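The values are calculated or read from the model by the stated rules, or taken from the named source; none is laboratory data. This is a predicted model, so every value here is computed, not measured. All Cβ positions, glycine included, derive from the backbone under ideal geometry; neighbour counts span all protein chains shown. Accessible surface areas use protein heavy atoms only, side chains included; no ligands, DNA or RNA. Shrake-Rupley method; radii C 1.70, N 1.55, O 1.52, S 1.80 Å.
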Amino acid sequence: MMYQQIFVGVDGSPCSDLAGEAALAFAAATGRGRCTGCHVYAARMHRQRFEDMEPGLPERYQEEERLDGLRATHDDLISGGMALISDAYLAPLAAKAAARGVPFEPVTAEGRGYVEVLRLMREHRPDLAVLGGTGHGQTPEVPLGSLAGRVLLHAGSRDLLLVRRPWDLKNRPVVVGVDGSDASYAALERAATIAAAFDAPLEAVAAYDPFFHTAVFPVIAGVLPEEAQRRFNFPAQERLHDEIIDRGLEHIYRQNLERGAALARTLGARVHTAVVPGRVCPQVHHYAAVKGAGLLVLGRYGLHREEESLIGSNTLNLARMSTTNVLVVAPPETPVAVPNLPIDAIPWTPEAERLLLQMPPFARRMARMAVEEYAREGGLSRVTEDTVRDVARRSGMGGGQGAGP
């Protein structure tokens, strides 16, 4: 379950040094890990810049013979110098790997940084790629470097660790976001394995948004004519969301989270769960910050993945804005086997099932859970037509949409 082949990019920047330490920590965690260190230099880009500047050189340098000499000297200094710099960047990491007994392979390449890093990742097929969150051009206004950001978009089937802080999980939790998707369960499985290996606590958090409709309904009401507003029945729609859909969403996320917690415990992790209301990205970011997370783990995609998507929007934004280390877990080839929780099934009468089918399709699953929860709270042994009507009346829908008199 732990990573065996680790690939790390280095460039001598502070975050790059931290990335090297994190890569070696993962490689040493099982005693069987191997590490490949990579540095990419751009000699051809410097040659192109030199040629672009040639027309602006003083007249005495414009003779072709003299220009050829300058070009040769420049090429020799740049190519040779950059090769020496690459060796200088990789040598300290190689020494640290040797001290830890981690097999280490240095690799250098010439070209555009992110292009060559992605090519080498495809070539070496690591279990985990590790990059500093920023490089030498770090500024407060750009929390994620251009190379790391482009590799993040195109890493595809590779797990990617973005490092901003020293690798230290002692008394600092691993926080993982869970939304019930296969990708989030793969992230949870990976997070639980890491937490167990480094003896760190695990915090699994699910965020759901009950506030979106309250902001959207007034906007819709403002553009619809009066007759359309009466037909839409805004008060009833709002109560439907408040009583059934939002409550049902919370129930779904809590249930998914508890299933994930059961999986984490089988992997030896000490897990705590939390369901928080609000927009996913800011809530997960805030939760990780408050908990002092040493690592934030996210699935590459969420529940609403589209085929054209390179990465989920919440994962992308969290990777950009997070102030801690972020591990983005690639989608699994086969879904993670997540345990089912035992529940007390409540039978439904045929009449009750017919009433449920008269609700909007998107709300039926949540409505079913709300009705069953109401039935359990009332000590009922089955869900009847009257049970559904009672819940519908509580939500302001009268006898239920289309339910008859």
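Do the conditions hold for Val280, that is, is it open to solvent by less than 20 Å² (accessible area, probe 1.4 Å), of a type in the set (A, V, I, L, M) and touching a residue at least 12 places away in the same chain (Cβ under 8 Å)? No; evaluated as a whole, the condition is false for this residue. Of all residues in segment 367-397, those that are at pLDDT below 75 and open to solvent by less than 40 Å² (accessible area, probe 1.4 Å) total 2.
Taking helices (runs of 4 or more DSSP H) as the structural unit, those lying wholly within segment 288-391 and holding at least 2 residues that are touching a residue at least 24 places away in the same chain (Cβ under 8 Å) and over 27 Å from Ala200 (Cβ atoms) correspond to 350-357, 364-377.
Of the listed requirements (1) under 27 Å from Leu257 (Cβ atoms); (2) crowded, with 20+ Cβ neighbours inside 10 Å, Arg172 misses just one: (2).
Given the options Ala186, Ala191, name the one that is touching a helix residue (DSSP H, G or I) at 6+ places or on another chain (Cβ under 8 Å) and in a helix (DSSP H, G or I). Steps first, answer last, please.
On the way: Ala186 fails: touching a helix residue (DSSP H, G or I) at 6+ places or on another chain (Cβ under 8 Å).
Ala191 is the lone residue from the list that is touching a helix residue (DSSP H, G or I) at 6+ places or on another chain (Cβ under 8 Å) and in a helix (DSSP H, G or I).
Residue-wise test of (1) open to solvent by less than 10 Å² (accessible area, probe 1.4 Å); (2) within 27 Å of Gly132 (Cα to Cα); (3) at pLDDT 95 or above.
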| position | (1), (2), (3) |
| --- | --- |
| Ala261 | yes, no, no |
| Leu303 | no, no, no |
| Asn317 | no, yes, yes |
| Leu327 | yes, yes, yes |
| Thr334 | no, no, no |
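In segment 119-148, which residue that is open to solvent by 20 Å² or more (accessible area, probe 1.4 Å) and assigned to a helix (DSSP H, G or I) is nearest to Met321 (Cα to Cα)? Ranking the candidates gives Ser146 first.
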